[in-house]
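The values are calculated or read from the model by the stated rules, or taken from the named source; none is laboratory data. The structure presented is a predicted model; accordingly, all values stated were derived computationally and were not measured. Glycine also receives a Cβ, built like all others from the backbone with ideal geometry; neighbour counts cover every protein chain displayed.
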């Protein structure tokens, strides 16, 4: 835009757009509704996620919580 960009109040322009769109600035960017419907299809059960979309095995070893020994406390 060249020299013309020196005469544009970008902060006011952005604020007006945010107001018109009902958008929100976050720590990670700008969010606004696109008018689409959000459908949450995950029910919390890993077995309902297709294998090709899983990023970890459901058969992971889960360590139980154990108390710390005196030897551990010295570290």
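Data overview
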quantity	calculated
Subset tally (residues that are assigned to a loop (DSSP other than H, G, I, E, B) and either under 19 Å from the mean Cα position of the chain (by Cα) or surrounded by 10 or more Cβ atoms within 10 Å (Cβ to Cβ) (or both)) for segment 4-18	1
Residue pairs meeting the criteria (Cβ under 8 Å; at least 6 apart or on separate chains; first under 20 Å from residue 30 (Cβ atoms), in segment 2-13; second not in a helix (DSSP H, G or I))	8/1
In segment 19-53, residue modelled with the lowest pLDDT [restricted to those that are surrounded by 10 or more Cβ atoms within 10 Å (Cβ to Cβ), part of a loop (DSSP other than H, G, I, E, B) and out of contact with any strand residue (DSSP E or B) (no Cβ under 9 Å at 6 or more places or on another chain)]	49
